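What follows is a single structure, written as structure tokens, with notes after it.
The values are calculated or read from the model by the stated rules, or taken from the named source; none is laboratory data. Treat the numbers as computed from the prediction; the structure is a model and nothing was measured. Backbone-built Cβ (ideal geometry, glycine too); neighbour counts: all protein chains shown.
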């Protein structure tokens, strides 16, 4: 990390060093005696104000600054999240090009469904470096510091999956300064929000101890979908204890409670909503459908500096997600009813009551040493986890037998169910996934101009899935065991102090049991004996720091190949016979263009293709579903006058295939956002955000099928225009 030096004669008073996001240093010394005393000059090093630019990953596995890391890593910093008032993980990730979102299916339950570089990353989320795979919606950022998107196959870092990349969410931690921030927000669509973020150093308690508390209460209707409402509250306390100069212990707890109405969008064919349907129409049953989520996590982080060159870290987390949903899909049947009418065709009043629990422990040992004149930064570790999923499914007896003979009005769906209700439990599922892993990473300085990065990870997976009838009679038991070695290697050339050129190679794997404890899927009689899918990536890139290190420019050419992709035959069995490829270009600019001008921008070109399909030759040569060739994101702010800041954001997603086997397309779109911020005084900040300025109708989430007249597909629109006025009082 770069630093700037400043010399000054310090006045009397005590010495205080405060860092508030961007670096600020103020120094004082103890009170003087009556006689004047000449003080020595002190040299103070402060972190350079680089705006949105992030110097390094928060993961213990990345020992080098991002400039020296041979991989595309997009970090969405706290400043961007705050300026955009980005409240969900999906909103945060919308700042990163090359990411798209799938819609949740009724049978599988909704939740974050994320594609990176064309491949699913649903089970590839981490929180502070620990796997977080439960299928749920990350609806709030009140306890999030930043979000890191690590692109390309990297099972060596993230374990199973990570075909297109992985996501590491960084939580807020206690800091060595005292502050309190009270936030309030009012907006259109019944938007109300209150937050508290307070931090207190604990003088006289150990060394460098502090406590932090984050609170949140929120409610709103979904812009453009007024019948859909969201309510939640959360609490996240954390305590950092300096047990000694060399030993630190951090205890963190997180709880969030959500009460939402599920939204499965509107019916569609070939990626377009049906004629006569409005984007505001609601095709669920408001008196049946629900989404209640209780999330809890307790984390212990123990760090010990054995000496100046050797550090030990142990992370332990227990997490639990209780999630009960009743969903009614927006698929419709247009056959057998009068023109302009429909019968529901997808799951209706379908309930899932699921509890996901996870224990995970990760131990990292970081060492710095020299061998034969070569400098090493070594990280070696072990990770052990157990995930359990307990699922009860039920329905309310909805079906063709109880629907009106003529169906319902397509242009005016009823929204409430007034017919008979027969709530019936349909079955139970109990799944378990055990994972053990050993890994080692080494960054070797071969010379002042050349670095070599190496990584290996070996995983052992054991999975079990048991299904039971409504009367608790076991109806199936499936098991799966996999062992896989993942690798990564990269060479970094340093042609100048501020520039890097690199080439990197890596692998990843997708076992059939990858999602067995997140959504209960993947393991069956047909898949339990299948070997994992294999993925490989090559990346050639460059990174440059400009304007005295305040701005980072980066670019990369990459290719991702998935071999032995799973394909299902007509008899229900699977074979590993498919091949898929995504290659393209990544460009990015992050940091400060001037003292008053910040920019966060990235562009991704994706050339995706199914190279081989044994079951559907029509896929060969087709682009992958929901994988746009072009995507671009921009967020920029400019301080136009003292206290006044203007912000502008743009997002472009090009036309893309609905699915990998058809020519049906989703329309391209541009989205524009704006922000005005005003600092009233040292304590009070006001901010106005207007999102989707031109009220664009655009499809944000899609089911990767085109549908038929007997069973349509469905699309989910992004939020319509909205305005939010927020205030933050700090002291």
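Looking only at region 376-401, count how many residues are over 17 Å from residue 307 (Cα atoms), more than 28 Å from the chain's Cα centre (by Cα) and part of a strand (DSSP E or B).
Of the residues in region 376-401, 2 are over 17 Å from residue 307 (Cα atoms), more than 28 Å from the chain's Cα centre (by Cα) and part of a strand (DSSP E or B).
Quick check on region 630-651. Is at least one of its residues farther than 26 Å from residue 694 by Cβ, at pLDDT below 95 and within 28 Å of the chain's Cα centre (by Cα)?
So far as region 630-651 goes, no, none of its residues is farther than 26 Å from residue 694 by Cβ, at pLDDT below 95 and within 28 Å of the chain's Cα centre (by Cα).
Got at least one residue in region 529-548 being surrounded by 16 or more Cβ atoms within 10 Å (Cβ to Cβ), modelled with pLDDT under 95, more than 23 Å from the chain's Cα centre (by Cα) and in a loop (DSSP other than H, G, I, E, B)?
Checked against the condition, which is being surrounded by 16 or more Cβ atoms within 10 Å (Cβ to Cβ), modelled with pLDDT under 95, more than 23 Å from the chain's Cα centre (by Cα) and in a loop (DSSP other than H, G, I, E, B), region 529-548 yields at least one hit.
Right, residue 298: modelled with pLDDT of 95 or more and loosely packed, with under 15 Cβ neighbours inside 10 Å or not?
So residue 298 fits the description; yes.
Only one of 719, 697 is under 24 Å from residue 192 (Cβ atoms), part of a loop (DSSP other than H, G, I, E, B) and under 27 Å from the mean Cα position of the chain (by Cα); which?
719
Find the residue count for region 43-62, including only residues that are at pLDDT below 90 and closer than 19 Å to residue 595 by Cβ.
Counting residues in region 43-62 that are at pLDDT below 90 and closer than 19 Å to residue 595 by Cβ gives 6.
Here is a check on your reading of the model: is residue 249 surrounded by 16 or more Cβ atoms within 10 Å (Cβ to Cβ), free of Cβ contacts under 8 Å to residues at least 40 places away in the same chain, assigned to a strand (DSSP E or B) and on the phi < 0 side of the Ramachandran plot?
no
Quick grid of which residues meet (1) within 30 Å of residue 407 (Cβ to Cβ); (2) modelled with pLDDT under 95; (3) surrounded by 21 or more Cβ atoms within 10 Å (Cβ to Cβ); (4) in contact with a strand residue (DSSP E or B) (Cβ under 9 Å, 6 or more places away or on another chain):
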residue: 662; (1), (2), (3), (4): yes, yes, no, no
residue: 677; (1), (2), (3), (4): no, no, no, yes
residue: 701; (1), (2), (3), (4): yes, yes, yes, yes
residue: 707; (1), (2), (3), (4): yes, yes, yes, yes
residue: 710; (1), (2), (3), (4): yes, no, no, yes
residue: 725; (1), (2), (3), (4): no, no, no, yes
residue: 729; (1), (2), (3), (4): no, no, no, yes
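Residues to consider are 89, 93; find the one that is closer than 25 Å to residue 688 by Cα, surrounded by fewer than 23 Cβ atoms within 10 Å (Cβ to Cβ) and touching a residue at least 60 places away in the same chain (Cβ under 8 Å).
89 is the lone residue from the list that is closer than 25 Å to residue 688 by Cα, surrounded by fewer than 23 Cβ atoms within 10 Å (Cβ to Cβ) and touching a residue at least 60 places away in the same chain (Cβ under 8 Å).
So in region 458-493, with the set limited to residues that are surrounded by 14 or more Cβ atoms within 10 Å (Cβ to Cβ) and either without any contact (Cβ under 8 Å) to a residue 12 or more places away in the chain or in contact with a helix residue (DSSP H, G or I) (Cβ under 8 Å, 6 or more places away or on another chain) (or both), which one is nearest to residue 68 (Cα to Cα)?
Among them, the one singled out is 492.
Please go through region 426-451 and give me each residue that is farther than 30 Å from residue 388 by Cα, touching a residue at least 40 places away in the same chain (Cβ under 8 Å) and either assigned to a strand (DSSP E or B) or within 27 Å of the chain's Cα centre (by Cα) (or both), ordered by number.
Across region 426-451, the qualifying residues are 442, 443, 444, 445, 446, 450, 451.
State whether the residues of region 165-177 include one that is over 26 Å from residue 433 (Cβ atoms) and touching a helix residue (DSSP H, G or I) at 6+ places or on another chain (Cβ under 9 Å).
Taking every residue of region 165-177 in turn, at least one turns out to be over 26 Å from residue 433 (Cβ atoms) and touching a helix residue (DSSP H, G or I) at 6+ places or on another chain (Cβ under 9 Å).
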